Amino acid sequence: MSVVTRNRTVEPVPAFAEALERLRGEAAGSSGRALEERAAAFERFQALGVPTARVEAWKYTNVSSFANRPFGLAPRGTVEPDLIIPHFAGGHRARRLILVNGRAVPQFSHLGGLPAGMTVRPLAQVLAETPELVERSSVNDEPEHSFEALNRALVEDGAWISLKDGVALDEPLQIISLLTAGESAFMTHPRHVIRLGKGAKLDVIMTTVALGQADSLMNQVETIEVADGAELTIDRTLEQGQGRNAITRSRYVLGNRARLQQTNAGLGGSLIRHEMEVRLRGTHSEAILNGLMMPQGTEHVDTLIRVHHEMPDCQSDQFYKTVADGRGRAVFAGKIFVHKDAQRTNSYQKNDSLLLSDDAEIDAKPELEIYADDVKCSHGATCGDLDPTALFYLRSRGLDEALARSMLTFAFTGEVLERIKDESVGHVVRRMILDRLPGGERLAELG
């Protein structure tokens, strides 16, 4: 039973300490100095506690009910190839790193023929050989929260991606994370490290899929550095089922004239929580963040974005759309910080929401915090129901009400679909959306 302390946190359940003990001496980076660092991270996790709704960043999400439970470590093993192939994206020439329950499966991965100066390795290899490289990052000066500290304590594997100056991969790199079915509740704590040197270019596809039924927690941390003149595109999809919980913290640092474009589609799962901390630390850098959330049933989707403009002449764009049905709940909290030296900042934020049920809930919290005087910043949030005039028009053309509502809902999501860079990922997201709409098969037939 969790104990409330100071009404802001609850005490972690013993299962987390038991997991750390199980990893001792077995997981990569769990002996000697690395083990001491794991223990220190776990002490921070215990000191920070699991946040309650009294913590502002978790105001609308009771994370304790989803994540502070007796999860065991994820089972080891693999899956049949015919369960992996349907989730391939990026074309036949794409490179792929496959993870099952947070651990890399080299025999199913395809990482051959990478250009000179590009390295893609399972993180476990780096943790075993040179664990200090994982911590040596300009991203790691951010304050931790409790689940990030827990990740540092319990991480077993993930992806290590590094491109030297001027290196470009012509085809996408896909990271496929599969979660298996299981009778007992389990957790996994993958970590991805991506570092692009000056002028490097990379397109990444992150695909996370839960196979079958299980009660699980995926607690993922990503640290991403985009050096001067480098360009990184990330298309991200997450498909889960009931009982699946995913918490992801992504931290980005951009150099001079660096560019980041990311589009997220998180559909399905008891809890999806994605935090993004973006720091524009070079002049003329640009960050474009797009996303789609579609909770239904009792699903809960929470997006938290903080974009820090630290240098002049930078741009950022946040564009998120939300559709909530049933008793689904969505949260969008986006904040733009414009620091004192960040003159001539151009920053935009928009969150449009569509409520399809009287029992659904969407909480939007757009914010600006500006300390420079020569800026162009705007933000806004809209929320409403389907347009009754458009609905009447479609009904008058012979469509039944359910199909007409689904058609308008699908059209509402279209602007996010258009921002996905990889065409095959766009097809995947389109299918995910249609699967969630009544009459989706008929809509697919109509094209």
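The values are calculated or read from the model by the stated rules, or taken from the named source; none is laboratory data. Keep in mind it's a predicted model, so treat the numbers as computed, not measured. So basically every Cβ, Gly included, is an ideal-geometry build from the backbone, and we count neighbours across all protein chains shown. These area figures cover heavy atoms from the full protein model, side chains too; ligands, DNA and RNA do not enter into them. Shrake-Rupley method; radii C 1.70, N 1.55, O 1.52, S 1.80 Å.
Points worth noting:
- If you go through the range 11-46 and pick out every residue that is modelled with pLDDT of 90 or more and open to solvent by less than 50 Å² (accessible area, probe 1.4 Å), you end up with 9.
- Every condition in (1) in a loop (DSSP other than H, G, I, E, B); (2) more than 15 Å from ALA372 (Cβ to Cβ) is met by ALA287 except one, and the failing one is (1).
- For the range 393-430, a residue qualifies if it is among the acidic types (Asp, Glu) and not in a helix (DSSP H, G or I), and the qualifying residues are ASP400, GLU418, ASP422.
- Breaking point among (1) over 30 Å from MET206 (Cα atoms); (2) touching a Leu at 6+ places or on another chain (Cβ under 6 Å), for VAL416: (1)
- Restricting the range 376-392 to residues that are part of a strand (DSSP E or B) and without any contact (Cβ under 8 Å) to a residue 40 or more places away in the chain, the residue that is most open to solvent (accessible area, probe 1.4 Å): LYS376
- Of everything listed in (1) farther than 19 Å from SER162 by Cβ; (2) at pLDDT 95 or above; (3) part of a loop (DSSP other than H, G, I, E, B), the single unmet condition for GLN213 is (2).
Yes or no, residue by residue, for (1) more than 25 Å from LEU355 (Cβ to Cβ); (2) part of a loop (DSSP other than H, G, I, E, B); (3) open to solvent by less than 10 Å² (accessible area, probe 1.4 Å); (4) modelled with pLDDT of 95 or more:
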{"position": "ARG236", "(1), (2), (3), (4)": "no, no, no, yes"}
{"position": "GLN242", "(1), (2), (3), (4)": "no, yes, no, no"}
{"position": "THR263", "(1), (2), (3), (4)": "no, no, yes, yes"}
{"position": "GLY266", "(1), (2), (3), (4)": "no, no, no, no"}
{"position": "MET276", "(1), (2), (3), (4)": "no, no, yes, yes"}
{"position": "GLY291", "(1), (2), (3), (4)": "no, no, yes, yes"}
{"position": "ASP313", "(1), (2), (3), (4)": "yes, yes, no, yes"}
{"position": "PHE319", "(1), (2), (3), (4)": "no, no, yes, yes"}
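- Tabulated pairs, the range 292-305, first without any contact (Cβ under 8 Å) to a residue 60 or more places away in the chain, second not in a strand (DSSP E or B), C-beta under 6 angstrom, 6+ apart or interchain: GLY297/GLY326; THR298/ARG327; GLU299/GLY328; VAL301/PRO295
- Residue match in the range 47-69 (condition: under 23 Å from LEU179 (Cα atoms), surrounded by fewer than 20 Cβ atoms within 10 Å (Cβ to Cβ) and touching a helix residue (DSSP H, G or I) at 6+ places or on another chain (Cβ under 8 Å)): yes
- For the range 173-188, the condition of being within 19 Å of the chain's Cα centre (by Cα) and farther than 26 Å from ALA67 by Cβ holds for at least one residue.
- Residues that are in contact (Cβ under 8 Å) with a residue 40 or more places away in the chain, of a type outside the set (A, V, I, L, M, F, W, C) and over 27 Å from GLU299 (Cβ atoms), drawn from the range 63-110: GLY77, GLY90, GLY91, ARG93, ARG95, ARG96
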